[in-house]
Amino acid sequence: MQKGIFITIEGGEGVGKSTNIDAARSFLQENRIDFIQTREPGGTLLAEKVRALLLEDHGEDFDTTAELLLMFAARAQHLNTLIKPALDRGTWILCDRFTDATYAYQGGGRQLDTKLIAQLETLVQHDLRPDLTIILDLDPAAGIERARQRGELDRFEQEQLAFFQRVRASYLEIAEREPQRCAVIDASRSVEDVSASLQTILKERLKRFLP
């Protein structure tokens, strides 16, 4: 049995991930692909509890190393409970963020040592990496304004602009370093244009796997 394909959608705040995950889901449905849609942090009952812990403002400073370890604790649960079993039985995964977000937010935004992140990545994931990662790119100032318009901001969304500028730079560095896996989409364009670009990338990058 052929293993499932692992697709991740990445980007900073307000880039339109939810809308474009919907577009990716429609593409997979139209091509009659058996898939599971999930997210990080989260994706399982236990990992969703860790997500809530990470996103809430608890009234005290969140130690950056503790934050990083919680991200990978949730990821380990998610991988071993949902993602790996699905991929092994041939089911595709469509995931809202994955480890690239940790490099961008904890490595870039928090300025933690990326060697430490890489060690945890190897510990938790071994050699498992996404087959295709689509990065939605947008000026952080515009993205935060979009996020504000959605409603109350979570703990990450309350960070300063410089934090999100580092996040964006980290995402673009990842894309430049791994062009075979990553594709960048300009998310400042209309919803229709961005979704069309996403579906074109899916079609071109995944055509050998489609029925």
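What follows draws every value from the coordinates through simple rules; no lab data is involved. Note that this is a predicted model, so its numbers are computed, not measured. Counting neighbours? That spans all protein chains shown, and the Cβs are built from the backbone with ideal geometry, glycine included.
For region 51-90, run through the GluC sites (Glu not before Pro) and keep only the ones in DSSP coil with at most 12 other Cβ atoms within 10 Å of their Cβ.
On the way: sites: Glu56, Glu60, Glu67; in loops: Glu56, Glu60.
For GluC sites (Glu not before Pro) across region 51-90 that sit outside H, G, I, E and B with at most 12 neighbouring Cβ atoms in 10 Å, the list reads Glu56, Glu60.
Dipole magnitude of the chain about its Cα centre, charges +1 at Lys/Arg Cβ and -1 at Asp/Glu Cβ only, in debye to the nearest 20?
Values: 27 positive and 34 negative charges, 180 e Å.
Computed about the Cα centre, the dipole is about 860 debye.
Tell me the net charge near Gln125. Cut-off is 11 Å between Cβ atoms, Gln125 excluded, with +1 for each Lys or Arg and -1 for each Asp or Glu. The partial results should precede the final answer.
On the way: positive: Arg75, Lys84, Arg129; negative: Glu121, Asp127.
Once all neighbours under 11 Å are counted, the net charge is +1.
Please identify every one of the GluC sites (Glu not before Pro) in region 147-176 that sits in a loop by DSSP and has no more than 11 other beta carbons within 10 Å of its own beta carbon.
Values: sites: Glu152, Glu157, Glu159, Glu173, Glu176; in loops: Glu152, Glu157, Glu159.
Sites meeting the loop and neighbour criteria: Glu152.
Would you work out which of Phe27, Tyr171, Ala73 lies farthest towards the positive end of the dipole of the chain? Charges go on Cβ: Lys and Arg +1, Asp and Glu -1.
Checked the options; the winner is Phe27.
With charges set only on the Cβ (+1 for Lys and Arg, -1 for Asp and Glu), what does the dipole of region 1-87 come to about its Cα centre, in debye to the nearest 20? Can you show the working numbers first?
On the way: 9 positive and 13 negative charges, 137 e Å.
Here region 1-87 has a charge dipole of around 660 debye.
Across every pair of different alpha-carbon atoms, what Kirkwood hydrodynamic radius in Å does the chain reach?
Values: mean 1/r = 0.0572 Å⁻¹.
The answer is 17.5 Å.
Would you mind classifying region 1-92 by shape? Square roots of the alpha carbon gyration tensor eigenvalues, ordered a ≥ b ≥ c; an a/c under 1.5 is rounded, otherwise it is prolate if a/b is larger than b/c and oblate if not. Working shown, then result.
On the way: a/c = 3.00, a/b = 1.61, b/c = 1.86.
Oblate, since a/c reaches 1.5 and b/c is not below a/b.
Would you be so kind as to identify all helices of the chain, as entire DSSP H runs, whose Cα atoms reach 20 Å or more along the helix's own axis and whose mean Kyte-Doolittle hydropathy is at least 0.0?
Values: long enough: 64-78 (21 Å, 0.48); 161-177 (24 Å, 0.07); 191-206 (22 Å, 0.09).
In the chain, the long hydrophobic H runs are 64-78, 161-177, 191-206.
Among the trypsin sites (Lys or Arg not before Pro) in region 1-74, which ones are in a DSSP loop with at most 15 other Cβ atoms within 10 Å of the Cβ? Mind listing them? Before the final figure, lay out the partial values.
Details: sites: Lys3, Lys17, Arg25, Arg32, Arg39, Lys49, Arg51; in loops: Lys3, Arg32.
Here the sparse-neighbourhood loop sites are Lys3, Arg32.
Within region 58-78, list the residues whose amide N lies under 20 Å from a label point set 7 Å along Cα→Cβ of Leu46.
The answer is 66-78, whose backbone nitrogens lie closer than 20 Å to the label point.
Could you tell me which residue out of Ile9, Leu138, Leu82 lies farthest along the dipole of the chain toward its positive end? Charges go on the beta carbon: Lys and Arg +1, Asp and Glu -1, centred on the Cα centre.
Toward the positive end, the furthest listed residue is Leu82.
In whole angstrom, note down how far apart the Cα centers of region 15-90 and region 120-143 are.
After rounding, the separation between the Cα centres reads 12 Å.
For labels at Gln2 and Thr114 in the simple 7 Å Cα→Cβ model, what's the distance in nm?
If labels sit at Gln2 and Thr114, their model points lie 3.2 nm apart.
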